[in-house]
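Trainee: Here's a structure for you.
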């Protein structure tokens, strides 16, 4: 189980990223954030976001029409 | 040997050295042209990049508290409108007919809401909250006889040199 969940379903670029960043700030280092999204662009965008910020993309997958990501907060 | 301290200093230096920065010049004030600068600025800020935005000419009114942005329908042959269940090109000349601009704008805003696209007001607020540095062009302010009191809080006034000082140190500089 992730430490927090962000429902970004129905939101389009760049809102899932902006809201994820905000939600990550509220977590402690090492805690995880689960993100649910429907924007197909989110797959590549969360990969790029994590590569650039150093946060760890622990999971990235699809459940039905919903994309699910788990990000672990780095420093 | 004091290795521990040295490592820490190195780590700090590396972190500072890795901090990237970006500047964006926003020169256009129609609804469609307002999006790229704000989307890129907010996303970059979310990715821990220091962002400076410089608003000049028709980009400057994007800093007014009250926005009523319109779609630019003229001279945009790439624009397709949803009509009769499909997306059809609109001949440029149609754009001169009174009411077409506001009609197309209403359709676009409606579509954006339906598709979960943020409003410019939302993105601008996100930019302010994520500490994006916002510079309003002093010369444009004088030229257009605009009042800084009508503009959002937390912006600074500056000129070309203020922008260049920021741009010369930045990794990415965009003109939109």
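Trainee: Residues to consider are B:145, B:156; find the one that is surrounded by fewer than 13 Cβ atoms within 10 Å (Cβ to Cβ) and touching a strand residue (DSSP E or B) at 6+ places or on another chain (Cβ under 6 Å).
Mentor: The match here is B:156.
Trainee: Residue by residue through segment B:118-132, note down the ones that are touching a residue at least 40 places away in the same chain (Cβ under 8 Å) and surrounded by fewer than 21 Cβ atoms within 10 Å (Cβ to Cβ).
Mentor: B:120, B:121, B:130, B:131
Trainee: In addition: In segment A:1-37, what count of residues is obtained for those that are facing chain B (nearest Cβ under 8 Å) and in a loop (DSSP other than H, G, I, E, B)?
Mentor: 5
Trainee: Among the residues of segment A:49-74 satisfying the criterion of being surrounded by 14 or more Cβ atoms within 10 Å (Cβ to Cβ) and assigned to a helix (DSSP H, G or I), which is farthest from the other protein chains (Cβ to nearest Cβ)?
Mentor: A:50
Trainee: Related question: Does segment B:100-116 hold any residues that are free of Cβ contacts under 8 Å to residues at least 12 places away in the same chain and surrounded by 12 or more Cβ atoms within 10 Å (Cβ to Cβ), and which are they?
Mentor: B:103, B:106, B:112, B:116
Trainee: For segment B:48-72, which positions are crowded, with 18+ Cβ neighbours inside 10 Å and in a loop (DSSP other than H, G, I, E, B)?
Mentor: To start, the set of residues in segment B:48-72 that are crowded, with 18+ Cβ neighbours inside 10 Å comprises B:49-56, B:59-63, B:69, B:71-72.
Once the filter is applied, which keeps residues that are crowded, with 18+ Cβ neighbours inside 10 Å and in a loop (DSSP other than H, G, I, E, B), segment B:48-72 yields B:49, B:56, B:69, B:71, B:72.
Each reported figure results from applying straightforward, stated rules to the coordinates on display, with no laboratory input. Bear in mind the structure is a predicted one, so any value in this text is a computation, not a measurement. For neighbour counting, all protein chains shown are included, and Cβ atoms are generated from backbone atoms with ideal geometry for every residue, glycine included.
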